[in-house]
Structure formats: C-alpha cells, structure tokens
1. Taking the Cα centre as origin and putting +1 on Lys and Arg beta-carbons and -1 on Asp and Glu beta-carbons, what dipole magnitude results for the chain, to the nearest 20 debye?
2. Using only alpha carbon pairs under 8 Å that are at least six residues apart, calculate the relative contact order of region 1-91 and give it in whole percent.
3. Among 308, 60, 183, which one moves the most in a GNM of the chain with springs linking Cα atoms closer than 10 Å?
4. Would you mind ranking 172, 21 by Cβ crowding within 10 Å, fewest neighbours first?
5. Of the residues 39, 157, 182, which exhibits the maximal mean-square fluctuation in a Gaussian network model of the chain defined by a 10 Å Cα contact cut-off?
6. Which order do 13, 104 fall in if you start with the one that has the fewest other Cβ atoms within 10 Å?
7. What number, rounded to the nearest 500 deg cm²/dmol, is the helix-based mean residue ellipticity at 222 nm of the chain, given -39500 (n - 2.57) per DSSP H run of at least four residues and division by all its residues?
8. Please go through the residue pairs 200/287; 36/87; 36/287; 200/312; 51/287 and name each one whose alpha carbons sit more than 21 Å apart in this structure.
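Read-outs: derived from the displayed coordinates by stated rules, not from any lab. It should be emphasised that the depicted structure is a prediction, and the values quoted were computed from it without experimental measurement. Ideal geometry is used to build each Cβ from the backbone, glycine not excepted, and the neighbour counts take in all protein chains shown.
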Amino acid sequence: MKAAVYRSYGPPEVLKVEDVEQPSIQDGDDDRVLIKVHSASVNPFDYYYRKGFLPVRPSNGLFKPKQQILGIDVAGTVEAIGKNVSKFKIGDHIFGSCLGSHAEYVCTRENKISLMPRNLTFNEAAAVPCAALTAVQALRDAAQIKKGQKVLINGASGGIGHFAVQLARLYEAEVTAVCSTSNLVWVKELGAHHVIDYTKEDFTKNGIRYDVILDASAARTFFSCKRSLTGTGFYMTENPTKPGFQLIQVLLGSLMGDKKMKGAGLTNTGGENLELIRELLEAGKIKPVIEKTYPLSQIAAAHRHVENGHTKGKVVVEIAT
Ligand SMILES: NC(=O)c1ccc[n+]([C@@H]2O[C@H](COP(=O)([O-])OP(=O)(O)OC[C@H]3O[C@@H](n4cnc5c(N)ncnc54)[C@H](OP(=O)(O)O)[C@@H]3O)[C@@H](O)[C@H]2O)c1
C-alpha cells in the first residue's frame, strides 16, 4: 500500500510517499478493525512528531522515529474485522482516531471509531475527531461549562477553536471568539456572540472578565490572561508543549495549587465522546469547516499549511481517489 513515511525527524520534505507493507488483522487482534482509508486530516500533533519536538522523542525514538507513518484522524471503510468486533461489519463507513492514518490502510481498536455521520462526506468526517474531541473535553469536562457563562475562545478559527465556538454556543454560554481579521465574519456565523480581532485589540486589556478562557492557539500565557478572569474563572491552554513555557506554567500552576489554570488536552479518544460528536454532527448542531484538501502525494504541502499556524478550520488529506 502507499503511505506517507518519514524515516528521520525534520522539515516537511522528510515525508515521502512510499510502498510499504499493508497492515492486517493478526491472531490476537480480536478487537481490531482494518480500515481502507478514504481521508485523514493533518493536526499540529503530526508536525510536532515529524519535527522531532523534544517531548515526543522519549516515546518515539531519540534519534529517529519509531512510528514512521503519521496521522491520527481517519474516515474510511471497514475492510476486515477481528473476531470480537461486534459494532462494525465489512463495508461500514466509519470515522475516528487511529495512529498512522496517512496511509491507504490502517488498523485500530473498535472503541476508537464510530459509524460515520450520514450527512458528512469522508473528507468532512476526517476533519472532526481530534479537534472536536479536544474541544468537548476542554469545555464540558475540564471547564464544566454552564449556561450563561462568559467564555472566550482564543484561536477560534483553528481546528479546535471552530468546534469550541459551536459547542460553547450549544452549551448556552455567551461566546467571545478571538481570531484574525479575515476570519471574523465566518467565526461569527459559527455562533460567536462577540468577535475580537487580535491584530487590532488585546482582549486582556479591554477590562472584560470571563468565566472560562480557552486558549486554543496557545498564543497567550496564563499570566497575561489572569486579570481577564472572574473570581471563579479559569484559563485552559491547549498546548502545553509550545514553546515549553506553556508546560512550565501548567506545572508551576499545579505546584502552587493555582486553580485558575488547567491544561485541557485530549485524554479520551473514541468511545462515548465520539458517539456524542457523531450525534451532534448528524443533527446538524455542529459542522466541520475544511480550508483545503490535499492529495496524499502533496502531504508535505499539507504539513507546511498546518505548520503555518493559521489554518481556517481543518486541512484534510484525501487518500483514496
Ligand atoms: N493537548 C492536546 O491533547 C491537544 C490536542 C489537540 C491539539 N492540541 C494543540 O492545540 C493547539 C491548537 O490546535 P488546532 O488544531 O486548533 O491548531 P490550528 O488549527 O493550527 O489553529 C490554530 C489557530 O490559532 C490562531 N492563531 C494564531 N496566532 C494567533 C494569535 N496570536 N492569537 C490568537 N489566535 C492565533 C490561528 O487563527 P488565525 O488564522 O485567525 O490567526 C489558527 O486558526 C495546537 O498547538 C495543538 O498542538 C493539543
């Protein structure tokens, strides 16, 4: 099968589309599903691994990557199933989380995928899992968002941000979205009550206080946002790895028992959370926005696009043509 492979850490050019051995369901893989990948998205996670960012090296190889095919989101068709798989049958259209999805075939556990929402294309479904799951877990679980709360989403036009705006609105919060000038209109259309253009206004200096600040861009620090929080409010950062300072402030905050700051990462892929997202998508309550779709042969360009840090919604790689 064809896959985008990287055999050394480095720039997007280290990614090469090559013929590699196709995965299969082996004895003992009884809860696994073999998926013929139609589409996969590119997440910042992919370029962190490709670049060999320091925190990934202990698990993925100090000098060269052990896991050489990237991709964590998938939409495709069930090709084969292990003998204990009960939720899916061959031919089902599915979406979900799956390491190594930038390839024509991939295997994952059945609890990491769900049936694809009937109203979405493969490309749309592939744009959803990591970003939407992270947004749900940040707002519902970490923030325990409540009706009427003032919620600010920084980085509202990105992968996580555009789902967070829609979800916060669904949870009946008063939503302020922060993004750059060209994204103001569509972010408002997604449901934000208020929009702030970060190129023209610093939200930490306008005197307004929020119950929740979700910094999906990690462009701000906890310390700069602290004065914009209500007495019981807190700041959540989505990126405790960039540029290392985020990690330090989360660690410092927890050591000092500062309840005003939380890391809000993706801890639970698949399962009930993915099922909830599937239902919201199918009911038309949330929707993915795709800025651009690339063929697998242009995987390096897709990485460059995401690494630029200004993705509008999601970038998708179309693998089956
Ligand atoms: N911890 C976890 O488990 C976890 C899981 C998923 C993602 N993440 C992390 O969360 C972060 C966001 O992920 P993503 O997929 O949403 O990234 P993304 O799609 O690249 O979005 C980033 C957004 O940040 C905005 N931005 C850039 N500079 C900004 C600034 N100075 N002020 C405000 N916004 C700014 C951009 O909007 P404009 O184009 O409008 O500038 C862009 O839309 C990434 O760092 C990712 O690694 C963490």
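1. Numbers: 39 positive and 33 negative charges, 193 e Å.
Charge dipole, the chain, about its Cα centre: 920 debye, nearest 20.
2. Details: 147 pairs, mean separation 33.2, N = 91.
Across region 1-91, relative contact order equals 36 percent.
3. Result: 308 has the largest fluctuation of those listed.
4. Values: 172 12, 21 8.
Least crowded to most crowded, the residues run 21, 172.
5. 182
6. Details: 13 10, 104 19.
Arranged by neighbour count, lowest to highest, 13, 104 become 13, 104.
7. Details: 10 runs with 79 residues, N = 321.
Counting only the DSSP helices, I get -6500 deg cm²/dmol.
8. Numbers: 200/287 28 Å; 36/87 17 Å; 36/287 24 Å; 200/312 19 Å; 51/287 30 Å.
Beyond 21 Å: 200/287; 36/287; 51/287.
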